[in-house]
1. Largest first, how would Arg136, Arg108 line up by accessible area (1.4 Å probe)?
2. What nm distance separates the two modelled labels at Tyr28 and Leu149, each placed 7 Å from Cα along Cα→Cβ?
3. Using 1/(1 + (r/R0)^6) with R0 = 25 angstrom and r between the beta carbons of Lys59 and Asn118, what's the FRET efficiency to the nearest 0.05?
4. In the structure displayed, which of Lys142/Lys165; Lys58/Lys124; Lys126/Lys157; Lys98/Lys142; Lys58/Lys157; Lys98/Lys165 lie more than 25 Å apart, Cα to Cα?
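The values are calculated or read from the model by the stated rules, or taken from the named source; none is laboratory data. Just so you know, these numbers come straight off a predicted model, no measurement behind them. We place every Cβ from the backbone using ideal geometry, glycine too, and count neighbours over all the protein chains shown. Ligands, DNA and RNA are stripped out before the accessible areas are found, and what is left, the full protein with its side chains, is counted by its heavy atoms. Shrake-Rupley method; radii C 1.70, N 1.55, O 1.52, S 1.80 Å.
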Amino acid sequence: NSKMKNVDLENIRSEDYKLEEGLIDFSYLVHTLKKNKKLLFFIAFISFIVSSSHALLKKSVWEGQFQIVVSQNKSSNSFGAASPFSSFSALLGANNSKNLQTEIEILRSPSVLMPVFNFVRTNKEKGGKVDLAKWRFSNWRKDSLNVNLQRGTTILKVSYQDTDKELILPVL
(Lines give C-alpha, C1' and ligand atoms only; values in the text may rest on other atoms or scores of the structure.)
Protein backbone atom coordinates (compact mmCIF):
# COMPACT_ATOMS: atom_id res chain seq x y z
CA ASN A 1 0.00 0.00 0.00
CA SER A 2 2.79 2.40 0.82
CA LYS A 3 4.34 1.79 -2.60
CA MET A 4 1.02 2.48 -4.27
CA LYS A 5 0.59 5.75 -2.42
CA ASN A 6 4.09 6.93 -3.40
CA VAL A 7 3.52 6.02 -7.02
CA ASP A 8 0.15 7.71 -7.01
CA LEU A 9 1.62 10.88 -5.50
CA GLU A 10 4.38 10.91 -8.11
CA ASN A 11 1.82 10.49 -10.88
CA ILE A 12 -0.30 13.26 -9.48
CA ARG A 13 2.71 15.59 -9.20
CA SER A 14 3.92 14.84 -12.69
CA GLU A 15 0.42 15.33 -14.08
CA ASP A 16 0.13 18.68 -12.29
CA TYR A 17 3.17 20.00 -14.14
CA LYS A 18 2.37 18.66 -17.61
CA LEU A 19 1.34 21.16 -20.24
CA GLU A 20 0.77 21.10 -23.93
CA GLU A 21 3.73 20.03 -26.00
CA GLY A 22 6.07 22.89 -26.95
CA LEU A 23 5.25 25.11 -23.96
CA ILE A 24 7.55 25.61 -20.99
CA ASP A 25 6.15 25.07 -17.54
CA PHE A 26 7.88 27.13 -14.88
CA SER A 27 5.57 26.07 -12.08
CA TYR A 28 7.87 23.17 -11.12
CA LEU A 29 10.83 25.58 -10.88
CA VAL A 30 8.80 28.07 -8.83
CA HIS A 31 7.62 25.27 -6.55
CA THR A 32 11.21 24.08 -6.01
CA LEU A 33 12.43 27.62 -5.27
CA LYS A 34 9.61 28.19 -2.77
CA LYS A 35 10.40 24.91 -1.08
CA ASN A 36 14.12 25.81 -0.71
CA LYS A 37 13.77 29.53 0.01
CA LYS A 38 15.58 29.35 3.37
CA LEU A 39 18.59 27.72 1.76
CA LEU A 40 18.57 30.27 -1.08
CA PHE A 41 18.41 33.22 1.34
CA PHE A 42 21.24 31.72 3.41
CA ILE A 43 23.46 31.31 0.32
CA ALA A 44 22.65 34.84 -0.85
CA PHE A 45 23.42 36.28 2.59
CA ILE A 46 26.77 34.46 2.87
CA SER A 47 27.69 35.54 -0.67
CA PHE A 48 26.87 39.15 0.18
CA ILE A 49 29.02 39.06 3.34
CA VAL A 50 31.99 37.47 1.55
CA SER A 51 31.88 39.81 -1.46
CA SER A 52 31.44 42.91 0.75
CA SER A 53 34.38 42.01 2.96
CA HIS A 54 36.52 41.30 -0.11
CA ALA A 55 35.62 44.66 -1.63
CA LEU A 56 36.39 46.54 1.59
CA LEU A 57 39.69 44.79 2.28
CA LYS A 58 41.08 44.92 -1.27
CA LYS A 59 43.54 47.74 -1.97
CA SER A 60 42.65 50.21 -4.69
CA VAL A 61 44.72 49.93 -7.84
CA TRP A 62 45.49 53.19 -9.64
CA GLU A 63 46.41 53.48 -13.29
CA GLY A 64 48.11 56.15 -15.33
CA GLN A 65 48.75 56.09 -19.05
CA PHE A 66 50.14 58.04 -21.94
CA GLN A 67 50.32 57.59 -25.68
CA ILE A 68 53.17 58.36 -28.04
CA VAL A 69 53.48 58.22 -31.78
CA VAL A 70 56.28 55.99 -32.96
CA SER A 71 57.61 57.29 -36.25
CA GLN A 72 60.17 55.71 -38.49
CA ASN A 73 62.80 57.23 -40.71
CA LYS A 74 61.48 56.62 -44.21
CA SER A 75 64.92 56.98 -45.78
CA SER A 76 66.47 54.24 -43.67
CA ASN A 77 66.10 50.90 -45.35
CA SER A 78 68.46 48.18 -46.48
CA PHE A 79 68.40 49.27 -50.15
CA GLY A 80 69.29 52.95 -49.64
CA ALA A 81 67.18 56.05 -50.21
CA ALA A 82 67.62 56.29 -53.97
CA SER A 83 66.96 52.64 -54.71
CA PRO A 84 63.93 51.70 -56.82
CA PHE A 85 63.27 48.92 -54.27
CA SER A 86 62.75 51.43 -51.45
CA SER A 87 59.31 52.53 -52.70
CA PHE A 88 58.35 48.90 -53.36
CA SER A 89 59.32 47.77 -49.84
CA ALA A 90 57.49 50.78 -48.39
CA LEU A 91 54.34 49.78 -50.26
CA LEU A 92 54.53 46.26 -48.94
CA GLY A 93 55.12 47.52 -45.42
CA ALA A 94 57.20 44.47 -44.48
CA ASN A 95 60.16 46.41 -43.14
CA ASN A 96 57.98 49.01 -41.44
CA SER A 97 55.98 46.57 -39.34
CA LYS A 98 59.03 44.52 -38.38
CA ASN A 99 60.99 47.65 -37.48
CA LEU A 100 58.05 48.98 -35.46
CA GLN A 101 57.72 45.72 -33.53
CA THR A 102 61.47 45.74 -32.92
CA GLU A 103 61.29 49.28 -31.54
CA ILE A 104 58.43 48.32 -29.24
CA GLU A 105 60.33 45.32 -27.91
CA ILE A 106 63.35 47.54 -27.30
CA LEU A 107 61.12 49.90 -25.29
CA ARG A 108 59.86 46.92 -23.23
CA SER A 109 63.36 45.53 -22.66
CA PRO A 110 65.11 45.45 -19.28
CA SER A 111 67.87 47.70 -20.60
CA VAL A 112 65.35 50.53 -21.03
CA LEU A 113 62.96 49.78 -18.15
CA MET A 114 65.42 48.71 -15.43
CA PRO A 115 65.97 52.30 -14.18
CA VAL A 116 62.19 52.67 -13.86
CA PHE A 117 61.96 49.36 -12.01
CA ASN A 118 64.76 50.44 -9.64
CA PHE A 119 62.98 53.77 -9.05
CA VAL A 120 59.75 51.95 -8.12
CA ARG A 121 61.65 49.49 -5.93
CA THR A 122 63.47 52.31 -4.09
CA ASN A 123 60.21 54.17 -3.42
CA LYS A 124 58.48 51.00 -2.22
CA GLU A 125 61.40 50.30 0.15
CA LYS A 126 61.00 53.78 1.65
CA GLY A 127 57.38 53.00 2.48
CA GLY A 128 58.33 49.66 4.02
CA LYS A 129 54.86 48.19 3.43
CA VAL A 130 55.83 45.83 0.63
CA ASP A 131 58.03 42.74 0.89
CA LEU A 132 60.51 43.23 -1.94
CA ALA A 133 62.60 40.10 -1.35
CA LYS A 134 60.85 38.22 -4.16
CA TRP A 135 60.33 41.18 -6.49
CA ARG A 136 61.51 40.43 -10.03
CA PHE A 137 61.63 42.68 -13.06
CA SER A 138 59.73 40.25 -15.30
CA ASN A 139 56.85 39.94 -12.79
CA TRP A 140 56.71 43.71 -12.27
CA ARG A 141 56.57 44.35 -16.02
CA LYS A 142 53.91 41.68 -16.55
CA ASP A 143 51.69 42.80 -13.64
CA SER A 144 52.13 46.58 -13.57
CA LEU A 145 53.32 47.83 -16.95
CA ASN A 146 51.50 47.54 -20.24
CA VAL A 147 53.16 48.66 -23.49
CA ASN A 148 51.01 48.00 -26.57
CA LEU A 149 50.72 49.29 -30.09
CA GLN A 150 47.17 50.30 -30.93
CA ARG A 151 45.84 48.22 -33.79
CA GLY A 152 46.28 49.72 -37.23
CA THR A 153 48.26 52.74 -36.01
CA THR A 154 51.77 53.74 -34.96
CA ILE A 155 50.47 54.95 -31.58
CA LEU A 156 52.09 53.27 -28.61
CA LYS A 157 50.01 53.16 -25.42
CA VAL A 158 51.94 52.86 -22.17
CA SER A 159 50.02 52.28 -18.94
CA TYR A 160 51.22 51.68 -15.40
CA GLN A 161 49.21 50.29 -12.47
CA ASP A 162 50.11 50.50 -8.79
CA THR A 163 48.46 50.59 -5.37
CA ASP A 164 50.43 53.75 -4.49
CA LYS A 165 48.63 56.67 -6.11
CA GLU A 166 51.55 59.06 -5.54
CA LEU A 167 53.93 56.82 -7.48
CA ILE A 168 51.98 56.75 -10.77
CA LEU A 169 53.02 60.11 -12.27
CA PRO A 170 56.74 59.94 -11.38
CA VAL A 171 56.97 56.45 -12.87
CA LEU A 172 55.27 57.51 -16.09
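1. Correct descending sequence by accessible area is Arg136, Arg108.
2. The two pseudo-label positions are separated by 5.7 nm.
3. FRET efficiency, Lys59 to Asn118: 0.65.
4. Result: Lys126/Lys157; Lys58/Lys157; Lys98/Lys165 exceed 25 Å.
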